[in-house]
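Take a look at the structure set out below.
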Amino acid sequence: MQIKKHASLKAYHTFGIEQTCSYLAIVDSIEDVIQLLKDESLKGLPKLFLGKGSNMLFTEHYDGVVIINRLKGKSITETAEHYLLHIEGGEDWPELVAWSVEQGMGGIENLALIPGCAGSAPIQNIGAYGLELQDVCEYVDVLDLTTFEIKRMTADECEFGYRDSIFKHALYEKCFIAAIGLKLAKAWKPINQYGPLQSIAEDQLSPLSIFERVCQVRMEKLPDPAKVGNAGSFFKNPVISQDHYDRLVAEHSNMVAYPAPIGMKVAAGWLIDQCGLKGVSVNGAQVNPLQALVLTNVDNCSASDVVSLASLVKKAVWDKYQIELEHEVRFMDRFGETNLAKIEAVQ
Ligand code: FAD
Ligand code: EPU
């Protein structure tokens, strides 16, 4: 296992902002993870697991150990009705989706091109184009950070929700996700209700055609982090009460929103766009001109430029719609996780 001291994080997160950490270790086995966690010389230092860093904003130097998950391997078993995939947590998610489609296994094609590791997918229950991880997740294998035992959790036990799971709550900082299990039905059914997928002709529907259309839509709408630093949707789509929605829609009849289990889920990109913020920037940080929900590093920006831009966006949406945006991107400061409200409070 490699451990670097005072390492750059630039290549390990997708915002492309220069930031450093005290130690950086790349792990490719559970034994590596356990060895690191038990290492006396690193005791007392905060630890952060990282996949591809595609949902992260490092606001400062991280004064701890960043542990990069590169546990690799995948296997398939079959029943009469399903393919059962066991995927090690460090596998690349977009490569996994492309591979599954190539193998003729449908079921995760709607989740094409979502950057990140398989082991990170359960944390926010990744979702796109009508599918969420929870729809195909059979289990999640976790390493308990206190007992160092591996436990298999069922999908139900993961308490999945919209961009949410038990790993953000009761199991926050309590486990390392080692592997996931996916259950894909052999009797494949297309999920093509999302706008641009509806135009695929009925007789053309296949895992491959959906995969290709999803890739096309994503490449047209979302900036490629390899070219322009970003972390995908910066904010979650907010859920507001039916009352609040009714009041707003009376004034803004073209408001984009969908029924949620309780209340209405509003398209945050639409809200930001309606505030006239597309293309607005703070130094090198910019609200993406094509998809306003994405904040980008267009010109060597600093983390504080992104924080200032995020504050500006949040305030504008609050002032116009009285809707509080919550960021999806995870903020890390010198010692651990933080958030926009905490940073604003000390400024
Ligand atoms: P990281 O950013 O490395 O980590 C995210 C969090 O998980 C951190 O808190 C980290 O500490 C924790 N973590 C990581 N690995 C482990 C582990 N093994 N055990 C315990 N904790 C761990 N998301 C969607 O849901 N839908 C989309 O359509 C989507 N589109 C995107 C498009 C772009 C261009 C980008 C840049 C991002 C997009 N995202 C999307 C967000 C991102 O892809 C997902 O959140 C993804 O699951 C993050 O994976 P990662 O490996 O990069 O996680
Ligand atoms: N919209 C605008 N202006 C904009 C952006 C969007 O008017 O600048 C409108 C669109 O026209 C559309 C609606 O808002 O009517 C929704 O936009 P889109 O379909 O692009 O999806 P989204 O709600 O912005 C969500 C996820 C994405 C996911 C897509 C596709 C969240 C926070 N984001 O985006 O996930 O890929 O749907 O399913 O839920 C991510 O989480 O990082 C991410 C990219």
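Each value in this text was obtained by applying a stated rule to the coordinates, not by laboratory testing. Quantities reported herein were computed from a predicted structural model and do not represent experimental measurements. Cβ placement follows ideal geometry from the backbone for every residue including glycine, while neighbour counts extend to all protein chains displayed.
Working out 0.36 nm times the residue gap between LYS315 and GLU251, then minus their Cα-Cα distance, what length gain in nm do you get to one decimal?
Values: separation 64, 0.36 × 64 = 23.04 nm, distance 1.97 nm.
Length gained, LYS315 through GLU251: 21.1 nm.
Please quote Rg/Rh for region 1-75 to two decimal places, taking the Kirkwood radius as Rh and restricting both calculations to Cα atoms.
Values: Rg = 12.3 Å, Rh = 12.7 Å.
Computed over Cα atoms, the ratio is 0.97.
Average the reciprocal distances over every distinct pair of alpha-carbons in region 193-344, invert the result, and give the Kirkwood radius in Å.
17.0
Where does the charge balance sit around SER199 when Lys and Arg score +1, Asp and Glu -1, over other residues with C-beta under 15 Å from its C-beta?
Values: positive: ARG213; negative: GLU202, ASP203, GLU212, GLU220.
Net charge in that neighbourhood comes out at -3.
Would you grab the residues whose amide H sits under 5 Å from the one on VAL136? Only those 5+ places off in sequence or on another chain, please, with H modelled 1.01 Å from N.
none
Of the lysine pairs in region 224-347, how many meet both conditions: Cα atoms under 26 Å apart, and a spacing of 8 or more in sequence or different chains?
21
Assuming R0 = 30 Å, can you tell me the calculated FRET efficiency for the pair TYR162 and SER41, based on Cβ-Cβ distance, to the nearest 0.05? Spell out each step's value before the answer.
Details: r = 41 Å, r/R0 = 1.36.
Rounded to the nearest 0.05, the efficiency is 0.15.
What does the charge add up to near ASN283, with Lys and Arg as +1, Asp and Glu as -1, over the other residues with Cβ less than 13 Å from its Cβ? All intermediate terms of the calculation are to be shown ahead of the outcome.
Numbers: positive: none; negative: ASP299, ASP305.
Around ASN283, the surrounding residues sum to -2.
What is the gain in length, in nm to one decimal, between VAL346 and THR154 on full extension, counting 0.36 nm per residue of separation less the C-alpha to C-alpha distance? All intermediate terms of the calculation are to be shown ahead of the outcome.
Numbers: separation 192, 0.36 × 192 = 69.12 nm, distance 4.07 nm.
Result for the pair: 65.1 nm of gain on full extension.
log10 I(q)/I(0), Debye, Cα-only region 219-265, no solvent, q = 0.13, 0.15 Å⁻¹?
Per q value, in the given order, log10 I(q)/I(0) is -0.46, -0.56.
Below 14 angstrom from the Cβ of GLU159, what's the summed charge of the other residues (Lys, Arg +1; Asp, Glu -1)?
-1
Mind checking which of ASN230, ASN125, ASN192 has the largest fluctuation in a GNM of the chain, springs on alpha carbons under 10 Å?
Answer for the Gaussian network model of the chain: ASN192.
Could you tell me the calculated FRET efficiency between HIS86 and ASP299, based on Cβ-Cβ distance and R0 = 41 angstrom, to the nearest 0.05?
On the way: r = 43 Å, r/R0 = 1.05.
Calculated value: 0.45.
Starting from the Kirkwood Rh over alpha-carbon pairs, what translational D in µm² s⁻¹ does region 126-279 have by Stokes-Einstein at 4 °C and 1.567 mPa s?
On the way: Rh = 18.7 Å.
For these conditions, the coefficient is 69 µm²/s.
When the chain is fully extended, how far beyond the present Cα-Cα distance does ILE76 get from ASP63, taking 0.36 nm per residue of separation?
Numbers: separation 13, 0.36 × 13 = 4.68 nm, distance 3.98 nm.
Once the chain is fully extended between ILE76 and ASP63, it gains 0.7 nm.
If the elastic network links every pair of Cα atoms under 10 Å, which of LEU182, LEU309, LEU248 fluctuates the most in the Gaussian network model of the chain?
Top of the fluctuation ranking is LEU248.
Considering every Cα-Cα pair within the chain, what fraction, in whole percent, is farther apart than 35 Å?
Working: 14373 of 60031 pairs.
So the pairs more than 35 Å apart make up 24 percent of the total in the chain.
Residue by residue through region 63-76, what is 3J(HN,Hα) from phi via Karplus (6.51 cos²θ - 1.76 cosθ + 1.60, θ = phi - 60°)? Round to whole Hz and write x for glycine and proline.
Values, residue by residue: 8, x, 10, 8, 10, 8, 7, 10, 6, 10, x, 8, 9, 10 Hz.
Once phi is turned into ³J(HN,Hα) by the Karplus curve 6.51 cos²θ - 1.76 cosθ + 1.60 with θ = phi - 60°, what whole-Hz value does each residue of region 255-261 show in order, with x for glycine and proline?
Each residue of region 255-261 in turn: 4, 8, 8, 10, x, 10, x Hz.
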